[in-house]
Amino acid sequence: MLPNGLLAEAVCGLGFFLSPSSHFFNPSYLHVFFAKIPFHLYGQDYIRSFKHYSVIKRRSIMKVRAFFIYCLSFLIYQGADAATLKMAFDADPVSLDPHEQLSEGTLQFSHLVFDPLLRWTKTGKFEARLAESWERIDDRTMRFHLREGVHFISGNPFSAKDVAYTIQRLKRSPDFRAMFDTISSTTLIDDYTIDVHTTYTNPLLINIMTYVFPMDKVFYQGQDQIVKYGSTFASRHVSGTGPFKLTHRELGSYMVFERNPNYWDTNSPGNVKTLTITPVRADSTRLAALLSGDVDFIFPISPIDIQRTQSIPGLQLVTLANSRILLMHMNQQRRAELQDVRVRKAINLAINQRLIVEKILKGYAMPAGQLSSDRFLGHINDLAPEYNLIKAKQLMAEAGYQDGFRLSMMAPNNRYMSDEKVAQAIAAMLARIKITVDLKTLPKAQYFKAFDDRSADLMMVGWQSDTMDSNNIYEFLVACPDADTGLGAYNASEYCRPSVDEDIRLANREMNPERRSQRLQQIERTLYNDAAVVPLYWQYLTWAAKEKVNIRAIVNDQNYPYLGDLVIEE
Amino acid sequence: MLTFLLRRLLQACFVMIIISVISFAIQDKLGDPVQQMMGMTASSDDRQQLREALGLNDGFVSQYWRFAKGAIQGDLGTSYYFKEPALDVILSKLPATLELAFCAILLVILVATPCGVLAAINPKHILSRLLMFVSSIGLSVPIFIVAILLVYVFSIEHNVAPSFGRGDTTDVFGLWQSGIFNKDGLRHLILPSLSLAIALMPIFVRLIRAEMMEVLQSEYIRFAWSKGLSARRIYFVHALKNTMLPIITVGGIQAGTLVAYTILTETIFQWPGMGYLFMDAVSRVDTPLVAAYLMVVGGIFVVTNTLVDLIYGLVNPTVRLASHGL
């Protein structure tokens, strides 16, 4: 093996030798050569001095040298390969500014180059990160004790000032504002202690604080405007405390990260030195890349490929139940028929969630009979999905629609896993209670415009609660639509029951977990009795990786893999 | 010649204006860019503000006018996603697409010409029949099936070539990030260029064969035979040269097909070129980038077709450009 490999390298090196010597000075190539030398030793100046050198030296000597270094670099590169992770995910951050867009891609990125004050564990508990501990001072104040001796990648020390700065900036972000409006102010107690005050009592303050990824105040200040279009300093430059630092980014193509050599968490078992993230949107390309060994870790895997992936030796598949609820809205403003609770109930009964999950999603989802997943306080154990065609037909007859009617339906075809097929199955199921469905599926870009315009009687949507709490789902999906407060912004059922709104409001202030849980369950029960929407299922998250990449320990149900702690076995 | 070029220029301007109107008119149908740029929980006020700032609340005519004014000065708008002038983004992806197209065309020329000629010389030979059979399959099988098959065989089963991406690039004189000059880049080129070539090859094999067979029947070839010229000279110099005329025309038209196929190939192989950029822009509702891409591709079409007409004149002096082009 080795002699052959060397021969190949020699031939290749010869090709290199014959090509213009400028190749040698491709910085990315130098980076391979110096893989074993600490990164800070070869900054831009080093590369520049090399370039200068090339001008002075005679070309032929350079070529010989290039040839030798090329061969040498390959040997070094082989050694460094073990701690390299290449991954392909479907999302990527639109910007380096963590506050520009609240999206999965941005938050995944934030967990790489920044650290949150605290983060969720896989079991739904909080884990201290940059905050070492926290306590409630009173109903409207929480105190956070911060970690000392942490530095940003720029070299600036981390302190409470950075936290206060970051929270103020979050309050300015159009995307994060909805969550951070609740925080009225912060008080610096000392360099490593900060009090966070809320306008009203807020039981979810601690959940919201998982979105605080302290930014380097000294680095960003003065050039930190949050702009959605056009380039800003923050969208191009980044300084965080995280386990990785960004070394190269080709927007839309790939990002390269290096392990932060001064990372504060010395207990982290993570051993990934170089991390390359490529967004790959097509399911088949992503899977092919894993199967061919071009990448080590992918997300997600389409349900039809799961079985195949599992059967391949050397690969592992990890699935986790997720709290994102997929549901279907039934618009009561567009259709008088849907104002009748019996009709809504009949539709709920005619749709067989279990069959959809089993046949279309191959079992990789949890059929839903309510909106709150089992890790949320609003979850009611005895609300299971119901399927009863006879009863559904009966209800339709009682409501006077035994001959059925037509409904228009829209669904996305590239947003959720197998969304188009699920929508087709629903249309077929409704045909059995004589509801003729005119289904139109659209790419997500067009679909959500149609969704905002409430363009169809039945519309599918998925919702992930940002706060990991039921109330966020209720606020956006079933509260009475109100343009001023933003409540019910995604309520395409146009369902409106003032008592539910009142419960939502009270649950937002309730500090006692037991009473809060009761109130949320009361909402869930009312929604069920009213058949306000059709809950469908909670989709599982599916990751696949090579066996030596221990992803099981670092993935979680929010899909923010903690790559800083990832171990690759050697 | 000059009048021909002037006329062509005028025509090109007209075509570009039509393309710009169409590409601008379809933007509305792509979706709402603001939704793509904002999180789900952003308030409607913030959405309205952004919409206003992007000028999306203006009427079609005033939006188009703004676009047209910029376009004349070479500014095709700023990409929402890349946050850079759309034209710069597209031009930065151009080398990748050109390299892919170049390799595919090279493969087509190297394979299709001898195959077509052989099939024409010995039309009854078993190999020729096989060639025709394979090429008709090639014509009817969609490119993505070919591409997926190639990925399966060469990268998953045998691990010969990588399944996606462009690999390492080297900097050529500071102008061009090229994948042709290093091993990794070349390995990444194999599958995309092969599948693109397979998509284009059959039509050329068949065309060369048909034209060649016709030419071989003509008087001057019979005369050449009777004059005692060598077979190689007759086939590859006298006959092939005259075969090339229609092939150049079709080749020009195929340049359009090539663009269409690069979109498909680049999407399947995640090749970071213009086609992939375009598909990405459509899914992100990056409307300035979509419009700019259509303008650039329209421009490429106009230029290649003009060039084809010029080459036509060079290869066959009896064609008079002034009367040939519109």
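For A:LYS228, go through the lysines and keep the ones whose alpha-carbon is under 16 Å away, minus same-chain ones fewer than eight residues off. Correct list for A:LYS228: A:LYS171, B:LYS83. Spin-label model, A:ASP482 to A:GLN394: label points 7 Å out along the Cα-to-beta-carbon direction sit 3.9 nm apart. Relative contact order of chain B: 27 percent, from C-alpha pairs under 8 Å at least 6 residues apart in sequence.
For B:ASP45, B:ASP286, the ranking by accessible surface with the largest value first comes to B:ASP45, B:ASP286, using a 1.4 Å probe. Each residue of the range B:242-254 was assigned a 3J(HN,Hα) from its phi angle through the Karplus expression (A = 6.51, B = -1.76, C = 1.60, θ = phi - 60°), giving 6, 5, 5, 3, x, 5, 5, 4, 4, x, x, 5, 5 Hz with x at Gly and Pro.
For the protein assembly as shown, the spread of Cα coordinates along the three principal axes comes to 106, 77, 58 Å, biggest extent given first. Note on the protein assembly as shown: antiparallel DSSP beta bridges, both residues inside, total approximately 75 percent of the bridges counted. For the range A:76-198, the orientation-averaged shadow of the C-alpha convex hull comes to 10.3 nm² (one quarter of the hull surface).
Counting only protein chain heavy atoms and rolling a 1.4 Å probe, the accessible areas of B:TYR152, A:TYR263 rank, largest first, as B:TYR152, A:TYR263.
With all protein chains present, calculate the accessible area of B:ASP28 using a 1.4 Å probe and round the result to the nearest 10 Å². Roll a 1.4 Å probe over it and B:ASP28 shows about 100 Å².
Altogether, the Stokes-Einstein calculation at 25 °C and 0.890 mPa s, with the Kirkwood radius of the range B:139-249 over Cα pairs as Rh, returns a diffusion coefficient of 141 µm²/s. Placing unit charges on the Cβ atoms only, positive for Lys and Arg and negative for Asp and Glu, gives the range B:86-324 a dipole magnitude near 1040 debye about its Cα centre. Ignoring lysines fewer than eight residues from B:LYS227 along the same chain, the ones with Cα atoms less than 21 angstrom from its Cα are B:LYS241. Computed with every protein chain present, the accessible area of A:ILE189 is close to 80 Å² [probe 1.4 Å].
Protein-only accessible surface at a 1.4 angstrom probe places the residues A:TYR254, A:TYR200, A:TYR540 in the order A:TYR200, A:TYR254, A:TYR540, largest first. Positive-end ranking of A:HIS379, A:PHE219, B:PHE173 along the dipole of the protein assembly as shown, with charges on Cβ about the Cα centre, is headed by B:PHE173. Residues within the reach of a label modelled at B:THR257 (point 7 angstrom out along Cα to beta-carbon, backbone nitrogen below 13 Å), restricted to the range B:130-172, are B:135-143. On the basis of the beta-carbon distance and an R0 of 22 Å, B:ASP75 and B:CYS13 show a calculated FRET efficiency of 0.80.
When +1 charges are put on Lys and Arg Cβ atoms and -1 charges on Asp and Glu Cβ atoms, the dipole computed for the range A:411-456 relative to its Cα centre reaches about 100 debye. For the peptide B:39-52, the mean number of other protein chain Cβ atoms found within 10 angstrom of a residue's Cβ is 6. Between A:THR276 and A:GLU386, the distance separating the two model label sites (each 7 Å from Cα on the Cα→Cβ line) works out to 5.5 nm.
Using the Karplus relation 6.51 cos²θ - 1.76 cosθ + 1.60 with θ = phi - 60°, the per-residue 3J(HN,Hα) values for the range A:507-513 come to 5, 5, 10, 6, 8, 7, x Hz, with x marking Gly and Pro. Counting only Cα atoms, the size of the range B:86-324 along its three principal axes is 63, 50, 35 Å, in decreasing order. Among the protein heavy atoms, those of A:TYR401 account for about 60 Å² of accessible surface (1.4 Å probe, every chain in place). Our helix-only sum for chain B, with -39,500 (n - 2.57) per DSSP H run of n ≥ 4 divided by its residues, gives a mean residue ellipticity at 222 nm of -24000 deg cm²/dmol. A full extension of the chain between A:SER185 and A:GLU258 corresponds to an added length of 22.7 nm, given 0.36 nm per residue minus the alpha carbon distance. Dipole check for chain A: with +1 at the C-beta of Lys and Arg, -1 at the C-beta of Asp and Glu, and the Cα centre as origin, the magnitude is about 1500 Debye. For chain A, the relative contact order comes to 17 percent (Cα pairs under 8 Å, sequence separation of at least 6).
The values are calculated or read from the model by the stated rules, or taken from the named source; none is laboratory data. Quantities reported herein were computed from a predicted structural model and do not represent experimental measurements. Virtual Cβ from ideal backbone geometry, glycine too; neighbours counted across all protein chains shown. With ligands, DNA and RNA removed, areas are computed over all heavy atoms of the protein, side chains included. Shrake-Rupley method; radii C 1.70, N 1.55, O 1.52, S 1.80 Å.
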